[in-house]
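Colleague: Let me give you the structure first, and then I'll get to my questions.
The values are calculated or read from the model by the stated rules, or taken from the named source; none is laboratory data. Because the structure is predicted, anything quoted here is derived from the model rather than measured. Here the Cβ is made from the backbone with ideal geometry for all residues, glycine too, and neighbour counts use every protein chain on show. Quick note on the areas: whole protein, heavy atoms, side chains included, nothing else; ligands and nucleic acids left out. Shrake-Rupley method; radii C 1.70, N 1.55, O 1.52, S 1.80 Å.
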Amino acid sequence: MESWDGDGVRARIREMAARDPGLVRFGAGTHRYELAPRLPEAEIRAFEESHGIDLPVEYRSFVAEVGNGPAGPSHGLMPLTVARPEADEKWAVDAEWREDRLPGRLAEPFPLTAPLPGRIGAATDALTRGTLMLTEQGCGIFTRLVLNGPRAGQVWQIDPGWGGFVPVSPGFRTWYTDWLASP
């Protein structure tokens, strides 16, 4: 697996920030084009061991070589190991982040074998097991990284009200670099 060019990613994010000083691009007011420090290998390994998982290589190498969020698509990447400093009970994204970290949840098999388009009539908790929430888009729409099974490493979007639970990228690297390349 190819390593990330952390300096190149940070330079592109600085360029994006310079082109958007008013933070008008969707989500920029939340992530502010800032990157948290990279995570040490020991911290990533401890997270994986405590949850009984192996993070997909593209994502794992990103948090190790580039940063632990938040600059990224939508309202920004959620941190892997600790809650956002501004986390509170008011944001659905923070509740979703805490739910992902319940014992055993990330290690469960991803239940879908095919996309589930359209309105989802049931609770989404059972559908999102075995996935890690990456971003929140608003209105109950989340982007999630599949951790287990034949779809491991893919990025899916869950929009229970309208769009269902469908793949949006074959992997984290493509998903994130598409955001970096966008105007």
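Colleague: What are the residues in segment 162-181 that are out of contact with any helix residue (DSSP H, G or I) (no Cβ under 6 Å at 6 or more places or on another chain), hydrophobic (A, V, I, L, M, F, W, C) and in contact (Cβ under 8 Å) with a residue 24 or more places away in the chain, if any?
Modeller: Answer for segment 162-181, where residues must be out of contact with any helix residue (DSSP H, G or I) (no Cβ under 6 Å at 6 or more places or on another chain), hydrophobic (A, V, I, L, M, F, W, C) and in contact (Cβ under 8 Å) with a residue 24 or more places away in the chain: W162, F165, V166, V168, W175, W179.
Colleague: Exactly one of these conditions fails for R98: (1) under 19 Å from A71 (Cβ atoms); (2) modelled with pLDDT under 95; (3) basic (K, R). Give me its number.
Modeller: (1)
Colleague: Of the residues A17, A71, only one is open to solvent by less than 20 Å² (accessible area, probe 1.4 Å), of a type in the set (A, V, I, L, M) and closer than 17 Å to A181 by Cα; which?
Modeller: A71
Colleague: What are the residues in segment 23-67 that are closer than 20 Å to V146 by Cβ, surrounded by 14 or more Cβ atoms within 10 Å (Cβ to Cβ) and in contact with a Pro (Cβ under 9 Å, 6 or more places away or on another chain), if any?
Modeller: Within segment 23-67, H51, V63, A64 meet the criteria.
Colleague: Starting from segment 1-23, take each residue that is in a helix (DSSP H, G or I) and list its partners that are open to solvent by less than 30 Å² (accessible area, probe 1.4 Å) and modelled with pLDDT of 95 or more, counting only C-beta distances under 7 angstrom and pairs at least six apart or across chains.
Modeller: G6/V66; V9/V66; V9/L180; R12/L180; I13/Y33; I13/A71; M16/Y33; A17/Y33
Colleague: Can you find even one residue in segment 88-99 that is among the basic types (K, R), open to solvent by 40 Å² or more (accessible area, probe 1.4 Å), part of a helix (DSSP H, G or I) and free of Cβ contacts under 8 Å to residues at least 24 places away in the same chain?
Modeller: So far as segment 88-99 goes, yes, one or more of its residues are among the basic types (K, R), open to solvent by 40 Å² or more (accessible area, probe 1.4 Å), part of a helix (DSSP H, G or I) and free of Cβ contacts under 8 Å to residues at least 24 places away in the same chain.
Colleague: Pull out all pairs, ordered by first then second residue, where Cβ-Cβ is under 6 Å, the residues are six or more apart or on different chains, the first lies in segment 25-47 and is of a type in the set (D, E), and the second is at pLDDT 95 or above.
Modeller: E34/A71
Colleague: Give me the pairs: first residue in segment 111-123 and part of a loop (DSSP other than H, G, I, E, B), second residue open to solvent by less than 50 Å² (accessible area, probe 1.4 Å) and of a type in the set (V, I, T), beta-carbon distance under 7 Å, and six or more apart or on different chains, which are they?
Modeller: Every condition considered, the pairs that remain are P115/V166.
Colleague: Follow-up question, since we're still on this one. Go through segment 123-157 and report how many residues are closer than 18 Å to R101 by Cα and in contact with a Lys or Arg (Cβ under 7 Å, 6 or more places away or on another chain).
Modeller: Here the count works out to 6.
Colleague: Then there is this: Condition (residue is in contact (Cβ under 8 Å) with a residue 40 or more places away in the chain, open to solvent by 30 Å² or more (accessible area, probe 1.4 Å) and more than 21 Å from L35 (Cβ to Cβ)) applied to segment 152-161: is it met by at least one residue?
Modeller: Yes: segment 152-161 contains one or more residues that are in contact (Cβ under 8 Å) with a residue 40 or more places away in the chain, open to solvent by 30 Å² or more (accessible area, probe 1.4 Å) and more than 21 Å from L35 (Cβ to Cβ).
Colleague: To continue, here is another question. Which residue out of G171, G104, G118, G149 is more than 23 Å from W4 (Cα to Cα) and open to solvent by less than 30 Å² (accessible area, probe 1.4 Å)?
Modeller: Among G171, G104, G118, G149, only G118 is more than 23 Å from W4 (Cα to Cα) and open to solvent by less than 30 Å² (accessible area, probe 1.4 Å).
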